[in-house]
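Written out below as structure tokens is the structure these notes cover.
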Amino acid sequence: MKQEATANARCPRLVWSRAAVQDNDRSVWLSLRREARKSITRGAELATLMTASILIWPSLTTAICHRITIRLNLRTVSGGIVANAFHDACRSDQGFAKAMACDFERIASEASAPDGLVALLLYHDGYHARQTHRLCHWLWLRGQIDLAMLIQCRASEVFREDICPAEPVDERAVPGSSRNLAEELRAGAAFEALNRGSPLTLVAGA
């Protein structure tokens, strides 16, 4: 938890523009916030993580972007570069934020165990890898090839997925193994399972 707090402290908190703050289904976001508050009541040591990762953010998409930025933890460049890239993508491309939220809601619909939404936001490698690839492809299409390659290289280390940023995201593919996620959550081993999982195929043909 100390490492989480340090990473959150290093990562600048953007002031998100109204255009970048959007969710498909606000009920999912409200449910996630309720789960985070319940986690705090069960263990005060989680207060910093839940607050910094979920409760201070205005929407699901902003919390997702922040969490992925923290997990990537790019020491070679400012964390603000990744956060700014996510912000720009959400602000300028409505489909970008919508797709991130759709992926989250699709997996969340199968994660019926207590705290399933919190575990999905914080620890799901497959989901985080897919959204990172979404960002890298967005950067690639706009000519920011070096930044796209840098972020993708780091993502391959963290999430065990190596997909060329030039490859488009297959929106038909399931973002990670949602069935396995739900099973692990019901078994009460969310954190351990979601961090030791085998590599997931996120893009057709990858």
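In nm, to one decimal, how far is the Thr48 label point from the Asp170 one, both placed 7 Å along Cα→Cβ?
A separation of 4.1 nm, rounded to one decimal place.
At 7 Å along the Cα-to-beta-carbon direction for both Ser31 and Ile56, put a label point, then send me their distance in nm to one decimal.
2.7
Just to be sure I understand the model, the point goes 7 Å from the Cα along the line to the Cβ. What's the resulting Val158 to Lys98 distance in nm?
Going by the 7 Å Cα→Cβ label model, 2.7 nm.
³J(HN,Hα) across the range 157-167 via Karplus (A = 6.51, B = -1.76, C = 1.60, θ = phi - 60°), whole Hz, x for Gly/Pro?
Once θ is set to phi - 60°, the couplings for the range 157-167 become 6, 7, 9, 6, 9, 10, 10, 4, x, 5, 6 Hz.
Readers should treat all values here as calculations from the given coordinates under stated rules, not as data from a laboratory. This is a predicted model, so every value here is computed, not measured. Positions of Cβ are backbone-derived with ideal geometry, glycine not excepted, and every protein chain shown enters the neighbour counts.
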